[in-house]
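So the structure is just underneath, and the comments pick up after that.
The values are calculated or read from the model by the stated rules, or taken from the named source; none is laboratory data. What you see is a predicted model; the values in this text were computed from it and never measured. Counting neighbours? That spans all protein chains shown, and the Cβs are built from the backbone with ideal geometry, glycine included. Ligands, DNA and RNA are stripped out before the accessible areas are found, and what is left, the full protein with its side chains, is counted by its heavy atoms. Shrake-Rupley method; radii C 1.70, N 1.55, O 1.52, S 1.80 Å.
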Amino acid sequence: MSIAWMVVVLVGVLTILFKASGPVFIGRKRLPPRLLALVEVLAPAMLAALVVTQAVGGDRRLVYDERLLGLAAAVVALRLRAPLLAVMVVAAATAAVARLLR
Amino acid sequence: MKPVRFRDGVRAALPLALAPILFGASFGLLAGDAGMGRVGAIVMSATTFAGSAQFAAASILDSGGGAAAAVVAAALLNARYVPISVSVASIFPGSWWRRLLESQLIVDESWALAGRAGRFDHPVLVGAGLLFYVLWVSGTALGTVAGDLLDPNAIGLDAAFPALFLALLVPYLRSRRAVAAALAATVITFVLIPFTPAGVPVVAASVACLLGIRR
């Protein structure tokens, strides 16, 4: 097996296990209250972490580029109670235009 | 209340449809350069189905980084799927093999869209995930033959994702605990990005939540 195929298979198997961990290994088992409390705050924490990595994440460094302008525009759109799609379009358009002007 | 259906998930995901096609095509092109070949690229998209990890693995191989480095980087990036998957553990019905299959449709976007009502909806996750899956795999296939279709960043797609996750975060910020968790996660991710391999900051943010609720 070539090196590239080894990577494809190993990463595939690991990711399948990661994604299955909740539904297959925990399933509908009743969780202890403490763990339940964790699951409740997990969503906002993961979403916040994703916002940061997607907005300023780089290769082991923080990168401040047009994505931040897009995010700022998204904040304004959210304040104006724009629907989800509009928020994303505003962010993308802002970043795209800022890149054109650079 | 109207029951939530599978097609509600497809509909919720439709506005994002361009992203998996364009990013999929970029991956297909990169994977070809990295020696995976057409079949390898498509198999990886069909089994791993996680953009950032696939890009990381392919670019490490492409730059001659070796198998171990590629696997470790991709595994770190995808480790966040353990807490993400745990957070939706109870919404999957049916036998274990059905849950195994459907759980593969968990990606950041399908998971985030499924939680938009303040609770996780299984039909939305599966509907959105399935649409992304089909587009991601076909986008990859397209990229292996046609190359890059259009630079996704030129139309600002990379800025649409933080906006998406932010928009989906806002409805959660009603309880003090949720606000505290989001703030802590923001700070931890921000601080760790320069010092740890990609993927670690997000996982660390979820582990910090675990420690936070032990008090």
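Structure above, values below:
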item: Residues of region B:19-40 satisfying the condition of being more than 17 Å from A:Val11 (Cα to Cα), more than 19 Å from the chain's Cα centre (by Cα) and aliphatic (A, V, I, L, M); result: B:Leu29
item: Candidate set from region B:177-210 (those that are facing chain A (nearest Cβ under 8 Å) and touching a residue at least 60 places away in the same chain (Cβ under 8 Å)); member that is farthest from B:Val72 (Cα to Cα); result: B:Ser206
item: In region A:71-91, the residues that are at pLDDT below 95 and facing another protein chain (nearest Cβ under 7 Å); result: A:Leu84, A:Leu85, A:Val87, A:Met88
item: Failed item, numbered, when A:Arg102 is tested on (1) open to solvent by less than 40 Å² (accessible area, probe 1.4 Å); (2) out of contact with any Cys (no Cβ under 7 Å at 6 or more places or on another chain); result: (1)
item: Scope region B:163-176; condition in contact (Cβ under 8 Å) with a residue 12 or more places away in the chain and either touching a Gly at 6+ places or on another chain (Cβ under 8 Å) or more than 7 Å from chain A (Cβ to nearest Cβ) (or both); matching residues; result: B:Leu168, B:Pro171, B:Tyr172
item: Residue that is under 29 Å from B:Tyr172 (Cα atoms), surrounded by fewer than 18 Cβ atoms within 10 Å (Cβ to Cβ) and not hydroxyl-bearing (Ser, Thr, Tyr), where the choices are B:Phe23, B:Phe6, B:Phe92; result: B:Phe6
item: Any hit, region B:46-63, residues being open to solvent by 50 Å² or more (accessible area, probe 1.4 Å) and facing chain A (nearest Cβ under 9 Å); result: yes
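Rundown of residues vs (1) open to solvent by 30 Å² or more (accessible area, probe 1.4 Å); (2) under 18 Å from the mean Cα position of the chain (by Cα); (3) of a type in the set (Asp, Glu); (4) modelled with pLDDT of 90 or more, yes/no style:
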| residue | (1), (2), (3), (4) |
| --- | --- |
| B:Ala114 | no, yes, no, yes |
| B:Gly118 | yes, no, no, no |
| B:Ala128 | no, yes, no, yes |
| B:Pro152 | no, yes, no, no |
| B:Leu164 | no, yes, no, no |
| B:Pro171 | yes, no, no, no |
| B:Ala180 | yes, no, no, yes |
| B:Ala185 | no, yes, no, yes |
| B:Cys209 | no, no, no, no |
